[in-house]
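Down below is the structure, laid out as structure tokens.
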Amino acid sequence: MKFKLLYFGEILINPKKRSQHISDIRMQFHPQLKKLVQHSPWTNMTKYMLPHPEKSPLTTRHIGGIDWNPIITPNLKLLAELDIQMLHPEIVGVARSDIDNRIKTLLDGLRAPQNEHEIGENTPRDIGPIYTLLDDDHLITKLSVNTSHLLDTGMFNPNIIKSPDTIFMMIDVNVRVAEGNLENLPFMV
């Protein structure tokens, strides 16, 4: 299964409030992932879940008073391949564009928090479960990153482009099955 995630905002290299920054990134992906699981194959998975067909195919983790629903988990034996297109207002090749640390920040924003210290203080607690792409980033088996200069920022609100840390990203996600079973059968069709 393949799908795209979009992100527009800052990806800070060394933010003062790291947990809040990562939470802000997670919250941009949450509505996209929540919409995704309302469609096949996630909706088809419940009929294959044993022993209770009505059981959700998602694993809910309760951390810091919030329910987190990662959609790619070891329980389902799913893996992810990511192809990231990163567009930023800086000229490509400028020493200031620190790709490796930006990618680390992004990957932390794609996974569920591992403990309550990784949850920002302003993370909403009353919206129901928060969806993340990954249970943990060890489920990524392939990662490619392409960077380009964002030539025209006119299509975005000028107040949003505040700094050179503002990035527009398109993330192609390819979900793969690590080991076939009844629970991940819809991903093999």
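The values are calculated or read from the model by the stated rules, or taken from the named source; none is laboratory data. Because the structure is a prediction, the values reported are computed rather than measured. Counting neighbours? That spans all protein chains shown, and the Cβs are built from the backbone with ideal geometry, glycine included.
Just a few scattered comments:
- Failed criterion for residue 29 (all others in (1) modelled with pLDDT under 90; (2) over 17 Å from residue 145 (Cα atoms); (3) of a type in the set (A, V, I, L, M, F, W, C) hold): (1)
- Applying a threshold of 6 Å to beta carbon distances and a minimum spacing of six or more residues, or different chains, the list of pairs starting in segment 121-143 at a residue that is free of Cβ contacts under 8 Å to residues at least 60 places away in the same chain and ending at one that is assigned to a helix (DSSP H, G or I) reads 137/107.
- Test: residue 17 is surrounded by fewer than 17 Cβ atoms within 10 Å (Cβ to Cβ) and at pLDDT 90 or above: no
- Matching entry among 119, 167, 171 (being closer than 21 Å to residue 19 by Cα, in contact with a Phe, Trp or Tyr (Cβ under 8 Å, 6 or more places away or on another chain) and modelled with pLDDT of 80 or more): 167
- Among residues of segment 65-111 being surrounded by 15 or more Cβ atoms within 10 Å (Cβ to Cβ) and among the small types (Gly, Ala, Ser), the one that is modelled with the lowest pLDDT is 97.
- Screening segment 134-164 for residues that are of a type in the set (Ser, Thr, Tyr) and not in a strand (DSSP E or B) and picking the one that is modelled with the highest pLDDT gives 163.
- Residue within segment 34-41 that is at pLDDT 85 or above, assigned to a helix (DSSP H, G or I), in contact with a Pro (Cβ under 9 Å, 6 or more places away or on another chain) and of a type outside the set (S, T, N, Q) present: yes
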